[in-house]
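Just below is one structure, and these are the notes that go with it.
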Amino acid sequence: TQLLEQSPQFLSIQEGENLTVYCNSSSVFSSLQWYRQEPGEGPVLLVTVVTGGEVKKLKRLTFQFGDARKDSSLHITAAQPGDTGLYLCAPGFSGTYKYIFGTGTRLKVLA
Amino acid sequence: EAEVAQSPRYKITEKSQAVAFWCDPISGHATLYWYRQILGQGPELLVQFQDESVVDDSQLPKDRFSAERLKGVDSTLKIQPAELGDSAMYLCASTPGPSTGYTFGSGTRLTVV
């Protein structure tokens, strides 16, 4: 059983569509990070959410941390081919569950 | 912008051979991590260094894998002998402190044939 389950596992959409991916756990985290990994490259940090209920926006990307700090979501508005990649969530560095990553969501945006 | 350097980018080796990967973290980053990532999955921690000391190597298959960071700067990960199941992306990451996100290198894609 994975500590961090991400859904969906795969997602293929047309350019301009909206989408939401999820990161879920039964454990409570002090913070959560989201990364995007392009093919053949290492993951790149997008955002860290810290407070339960927190919403952060990064251009067309909206990140939300669940009130109970057990889950998070990433919403992309008007997806573009450049959004294609593997989206990973990971707990912050404090607490018990360090240095692990979620199962990942592989997104493909078609032009 | 500072980067984590890794080499080689790609490596093909025959099973039972030895292989080594190198990582140079961002200058001043005391913490260095080696991760292994199987295609389509999230990275899994192999070893964590704080300066030159190993902090966590509980997931490192020590019968065939070894890692060192002798001067607390760059690091080497070695596999001997390589097995077919070792084919994966090997990622190095560094952090300046406990509350910031990782900066990853571009990784080494290992194929064992």
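Please verify whether B:VAL47 is of a type in the set (A, V, I, L, M) and crowded, with 20+ Cβ neighbours inside 10 Å, treating the condition exactly as stated.
On the way: of a type in the set (A, V, I, L, M): yes; crowded, with 20+ Cβ neighbours inside 10 Å: yes.
For B:VAL47, the condition - of a type in the set (A, V, I, L, M) and crowded, with 20+ Cβ neighbours inside 10 Å - is met.
Given the conditions (1) more than 20 Å from B:THR95 (Cβ to Cβ); (2) open to solvent by less than 40 Å² (accessible area, probe 1.4 Å), and given that A:THR20 satisfies all but one, which numbered condition is not satisfied?
(2)
Could you check A:PRO43 against (1) touching a residue at least 40 places away in the same chain (Cβ under 8 Å); (2) open to solvent by 20 Å² or more (accessible area, probe 1.4 Å); (3) under 19 Å from B:GLY107 (Cα atoms) and say which number it fails?
(2)
In segment B:21-38, which residue that is open to solvent by 50 Å² or more (accessible area, probe 1.4 Å) and within 17 Å of B:SER87 (Cα to Cα) is farthest from the chain's Cα centre (by Cα)?
My answer is B:ILE38.
Let me confirm something: among A:GLY52, A:GLY40, A:GLY82, which residue is in a loop (DSSP other than H, G, I, E, B) and either touching a strand residue (DSSP E or B) at 6+ places or on another chain (Cβ under 6 Å) or more than 9 Å from every other protein chain (Cβ to nearest Cβ) (or both)? I'd like the intermediate steps shown before the answer.
Numbers: A:GLY40 fails: either touching a strand residue (DSSP E or B) at 6+ places or on another chain (Cβ under 6 Å) or more than 9 Å from every other protein chain (Cβ to nearest Cβ) (or both); A:GLY82 fails: in a loop (DSSP other than H, G, I, E, B).
After ruling out the rest, the residue left standing is A:GLY52.
Do any strands (runs of 3 or more DSSP E) entirely within segment B:1-110 hold 2 or more residues that are of a type outside the set (S, T, N, Q), and if so, which?
In segment B:1-110, B:10-13, B:19-24, B:31-37, B:44-50, B:53-56, B:65-68, B:75-79, B:88-95 are the strands (runs of 3 or more DSSP E) which contain 2 or more residues that are of a type outside the set (S, T, N, Q).
The values are calculated or read from the model by the stated rules, or taken from the named source; none is laboratory data. Since we're looking at a predicted model, the values are computed, not measured. FYI the Cβ positions are ideal-geometry reconstructions off the backbone, even for glycines, and counts take in every protein chain you see. Heavy atoms of the whole protein, side chains included, go into the accessibility calculation; ligands, DNA and RNA do not. Shrake-Rupley method; radii C 1.70, N 1.55, O 1.52, S 1.80 Å.
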